[in-house]
Amino acid sequence: MSKIAVIGSINMDIVNQVEQFPQPGETIHGRGTAYQPGGKGANQAVAAALAGDGAVMIGAVGDDAFGSVLTDSLRSRSVDTANVYVKEGSSGLAFITVSESGENTIVLSAGSNGKLTETDVSSNALAGVEIALLQNEIPPEVNLHALKLCAQLGIKACYNPAPAAKIPAEALPLIDTMVVNETEAEVVSGLPVNSQEDAERAARALQAEGVGRVIVTLGGKGALALDRGGEALRVPAFKVEPADTTAAGDTFIGAYAAATAAGLALAEALRYAAAAAAISVTRHGAQSSIPAKEEIERFLRERA
């Protein structure tokens, strides 16, 4: 049984490649369209599974043509799908546009992700789990239920509030680790984040509300972390040539969870996660860009 469970979204990503993003009202020609399994939950599950020793996925797909493709993709990447439920209607969809520079924009259609219920997230599904990963692509009441259940079971909840949204005050003390980018840090903390100093200030505000450990990812500037005692740690990003940043954040989180479950200290876990994310941005796609443990370890040896 894996030590890591992911409670979250499963999407089919419909990806359009473009030279540059269109302006409002502008029609442009794309350079090609691809259908790729994704969703923040599924991506983090794949990242954790490949970077460590498997993962359990708790989520939902639709009874459409995409549903079986999505679950097959997870299973092929060492993710347990026994707790992936089939809901009537469409699977979750993400409409992604990727520019020539590797940046992306994403529009979500919840589909079956919006039909995941509190009943679907049970103590049986979390048996043997030590770390649970959550995001903001399933109903908020299900996330709150999952956080409370994890607290009851002694499971460390790692929460990535993306897409960015305010978190109920009662949920914050239930979060062992929060991972946010600069935009998410600003929304969740209510403080402006325009610099690394601002990011640390926002992280400390979240800790003051009860969050145990806070990690703020800073893109090309690396990451800032506050450990449970409030000590700040900065980890630089690895220099690579980006091709597609779609799954970079999810890869970082999944790899961080895998490293933590394997017993690595915070600094080592963050460096491992940064390496995994760096590899992922050099490749196109979401789950297809996520590296395996052997690739991450080789990358770290080469950059030592």
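Every number here is computed from the coordinates shown, using simple stated rules; none is lab data. In this text, all values refer to a predicted model and were calculated from it rather than measured experimentally. When we count neighbours, we look across all protein chains shown, and the Cβ atoms used for this are built from the backbone with ideal geometry, even at glycine.
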Considering only DSSP states other than H, G, I, E and B, which trypsin sites (Lys or Arg not before Pro) in region 233-274 qualify as loop sites with at most 15 other Cβ atoms within 10 Å?
Lys239
Over all distinct alpha-carbon pairs, what is the Kirkwood Rh of region 248-290 in angstrom?
10.1
Please compute the modelled spin-label separation between Gln196 and Arg283, points set 7 Å along Cα→Cβ, answer in nm with one decimal.
2.9
Near the amide H of Asn160, under 5 Å away, which other amide H atoms are found, from residues 5 or more places off or on another chain, if H is placed in the peptide plane?
Leu134, Gln135, Val179
Net lengthening on full extension, Ala292/Glu130 (0.36 nm per residue, minus Cα-Cα):
56.2 nm
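Rg(Cα) of region 1-102 divided by 2.2 N^0.38 Å? Spell out each step's value before the answer.
On the way: Rg = 15.5 Å, N = 102, 2.2 N^0.38 = 12.8 Å.
Compactness ratio reported: 1.21.
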So what does log10 I(q)/I(0) come out to for region 172-246 at q = 0.18, 0.20, 0.22, 0.27 Å⁻¹, using the Debye formula with one equal point on every Cα and no solvent?
-0.65, -0.78, -0.91, -1.25
Calculated FRET efficiency, Phe21 and Glu88, Cβ-Cβ r, R0 35 Å, to nearest 0.05?
0.50
Mean-square fluctuation check for the chain, GNM, Cα pairs under 10 Å: which of Glu182, Glu137, Glu209 is largest?
Glu209
Spin-label zone in region 72-91 - amide nitrogen under 17 Å from a point set 7 Å from the Cα of Ser122 along the C-beta vector
81-87
Site Glu141, offset 7 angstrom along Cα→Cβ, radius 19 Å on amide nitrogen, limited to region 84-110, gives 87-88, 110
Counting only DSSP beta bridges with both partners in region 103-259, the antiparallel fraction in percent, to the nearest 5, comes to 40
Just to be sure I understand: of the beta bridges DSSP finds with both ends in the chain, what percent are antiparallel, rounded to 5?
40
Given H placed 1.01 Å from N in the peptide plane, which residues other than close sequence neighbours of Gly62 have an amide H under 5 Å from its amide H?
Gly67, Lys87, Ser91, Gly92, Ser112
Counting only Cα, what are the radius of gyration and maximum Cα-Cα distance Dmax of region 23-77, in Å?
15.2, 47
From the C-alpha gyration tensor of region 39-161, square roots of 5λ in Å
23, 17, 15
Cα-based Kirkwood hydrodynamic radius, region 227-304, one decimal, Å:
12.7
Which value at 222 nm does the chain reach when only helices count, each DSSP H run of 4 or more adding -39,500 (n - 2.57), with the total divided by all residues and rounded to the nearest 500 deg cm²/dmol?
-10000 deg cm²/dmol
The ³J(HN,Hα) series, computed from each phi in region 83-93 with the Karplus coefficients 6.51, -1.76 and 1.60 at θ = phi - 60°, rounded to the nearest Hz and given as x for glycine or proline, is 10, 9, 9, 9, 10, 5, x, 6, 6, x, 10
Hydrodynamic calc, region 170-304: Kirkwood Rh from Cα pairs, then Stokes-Einstein at 4 °C with viscosity 1.567 mPa s, so D in µm² s⁻¹ is 86
Alpha carbon convex hull of the chain, projected area averaged over orientations, nm²
15.0
Give the separation of the Cα centroids, region 109-135 to region 59-102, in Å.
15
If you bin every alpha carbon distance in region 147-188 into 5 Å steps from zero, what whole percent lands in each bin?
6, 24, 30, 23, 12, 5, 1
What whole number of Å gives the distance from the Cα centroid of region 210-231 to the Cα centroid of region 1-42?
27
For region 134-214, what D do you get in µm² per second when you plug the Kirkwood radius from alpha-carbon pairs into Stokes-Einstein at 20 °C and 1.002 mPa s?
171
